[in-house]
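I am attaching a structure below and will ask some questions about it afterwards.
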Amino acid sequence: MQYIADFHFHSKYSRATSRIMDLEHFNQWAKIKGIDILTVADFTYPAWIAELKKKLEPSENEGIFKIKKSFLNNQLSVKFIFTTEISCIYTKNNKGRRVHILIFAPDFKTVEKINIKLSLRGNLKSDGRPILGLDVKELAKIIFDISEDCLIIPAHAWTPWFSIFGSKSGFNSIEECFEELTPYIYAIETGLSSDPAMNHQFSALDKITLLSNSDAHSLQNLGREVNVFEFKNLSYKEIIKTIQQSKNSNGKLLETIEFFPEQGKYHFDGHRECQINFSPEQTKKYQGICPKCKRPLTKGVLYRVEELADRSIDKIDFKKFIPFKKIIPLQEIISGVFNQGKNSKKVEREYFNLIRQGKNEFNILLNLDYDELKKIASIEIVEAIKNTREEKIIITPGYDGVYGEIRIPESKKILKQMTLDIL
């Protein structure tokens, strides 16, 4: 059976996050989007873990949880697992490091042990995504000592400011970061500003599973990147084994569904204050200095990938790797067709009209054929979806915290990613 999973987003207790990012709304929007498995998110935050204990119960799948029917008016719950994000800020090899890490845990008991240990290293009440002055390798040791069923994954691995490979404070390899624990790092999260094709230029990642998650801070952004699995018998352990590419797993990662990386807010290089948006070639021409203010440019994901890459795109045998697809969220497509903001009443009304008829967003964007789409949507929306599937779009890449702009040829309006999400 196939499952669409989003393992990384945030609750209402994280900074710059919607106040309705709670379990009931997660469940509602997972069904709207077509997502089967969600993270509970932010399990280190005391008030949130208390809410999780109150509202969750074990499902029929081992290590997988669901919301109690009493909190859903007897509606069905999607499936939940425990993951959370930690921000590690520390110094290593005479350089300041800021790396975000995803932790996967199997159950409440393990989560409680993790929270007790981490509370000795920092204030878990400060934010849903706590900041710890802890070396990532030391964090991994703590987690693995608590349970071998836990998983450590570097989050949004290429983001300039807060990632394992970031241009501002990252490393040049997984080994440099995790040292002797490197064999226990099985996956990275590619992040919104890179896609698997970019990552495959760095051959050191050939045996690493590339995961894609939304990192959403608002409900509309759930599932903007996801992972598609197939399991004979779903369980937490089978999810972990599949990510680890274990031969003993009964599961398979079929594909990832991606944001167009150019739309990510750190794809190109630049300086937001001066509205300078450069390709890596332009950045090299100016020796990494903003031509307006003469301060260093923020080097984006594409630049950083090219720094570490040891092969070009045309040298990659993509048949060896897990496939991926790119999407533009349906609400943004409708926004472009209607030439109105994606939160306007007209756009929202059409969005939910399509969801009612088309089952869910992923089904509309990826599965329905064009004859089926024409039965529920205008020809302009159908053409826009067709062009998105065929990647016939025009993109102005994002840079230095500014999201990229996408045009679909048949649409009048630039599709802008409107979000409060910050890293």
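Coordinate-derived values only; no laboratory data. Remember, predicted model here, so these are calculated numbers, not experimental data. Neighbour counts are summed over all protein chains in view; Cβ atoms, including those assigned to glycine, are modelled from backbone coordinates with ideal geometry.
Nearest-5 percent of antiparallel DSSP beta bridges in the chain?
Close to 70 percent.
OK, next. Work out the charge dipole of the chain with +1 on the Cβ of Lys and Arg and -1 on the Cβ of Asp and Glu about the Cα centre, then indicate which of H200, H8, I257 is farthest towards its positive end.
Of the listed residues, the answer is H8.
Let me ask something else. Hey, in the GNM for the chain with a 10 angstrom Cα cutoff, which one of K168, K315, K284 fluctuates hardest?
K315
Now for a separate question. Would you pull out the residues with amide H under 5 Å of C290's amide H, same chain only if 5 or more places away, H placed 1.01 Å from N?
Counting only residues 5 or more places away or on other chains, the set is R295, L297.
Sticking with the crude label model, points 7 Å out along Cα→Cβ, report the distance from Q287 to I376 in nm, one decimal please.
5.7
Placing +1 on the Cβ of each Lys and Arg and -1 on the Cβ of each Asp and Glu in region 270-332, which of L302, I276, F318 has its Cα farthest towards the positive end of the resulting dipole?
I276
Counting Lys and Arg as +1 and Asp and Glu as -1, each charge on the Cβ, what is the dipole of region 134-213 about the Cα centre in debye, to the nearest 20?
280
Under unit Cβ charges (Lys, Arg +1; Asp, Glu -1), what dipole magnitude, rounded to 20 debye, does region 161-304 have relative to its Cα centre?
400
Per DSSP H run of at least 4 residues, take -39500 (n - 2.57); add these up for the chain, divide by its residues and hand me the 222 nm value, nearest 500 deg cm²/dmol.
Result for the chain: -7500 deg cm²/dmol, rounded to the nearest 500.
Here is a follow-up. Past 25 Å, Cα to Cα: identify those pairs from K325/K359; K320/K374; K66/K325; K33/K392; K66/K237; K79/K237, in the order given.
Where the Cα-Cα span goes over 25 Å, the pairs concerned are K320/K374; K66/K325.
To the nearest 20 debye, what charge dipole does the chain have about its Cα centre, counting +1 at the Cβ of each Lys and Arg and -1 at the Cβ of each Asp and Glu?
For this selection, approximately 940 debye.
Do any GluC sites (Glu not before Pro) in region 108-194 lie in a DSSP loop with no more than 14 other beta carbon atoms within 10 Å, and if so, which?
For GluC sites (Glu not before Pro) across region 108-194 that sit outside H, G, I, E and B with at most 14 neighbouring Cβ atoms in 10 Å, the list reads E148.
Say the dipole of the chain comes from +1 at the beta carbon of Lys and Arg and -1 at that of Asp and Glu; which of G341, I64, A216 then lies farthest toward its positive end?
G341
Write out the trypsin sites (Lys or Arg not before Pro) in region 58-155 meeting two conditions: DSSP loop, and at most 15 other Cβ atoms within 10 Å of their Cβ.
Counting only loop positions with at most 15 other Cβ atoms within 10 Å, the trypsin sites (Lys or Arg not before Pro) in region 58-155 are K68, K125.
Excluding same-chain residues fewer than 8 positions from K95, which lysines have a Cα within less than 20 Å of its Cα?
K137, K168, K299
Report the relative contact order of the chain, percent, no decimals, based on alpha-carbon pairs under 8 angstrom and at least 6 residues apart.
Answer for the chain is 16 percent.
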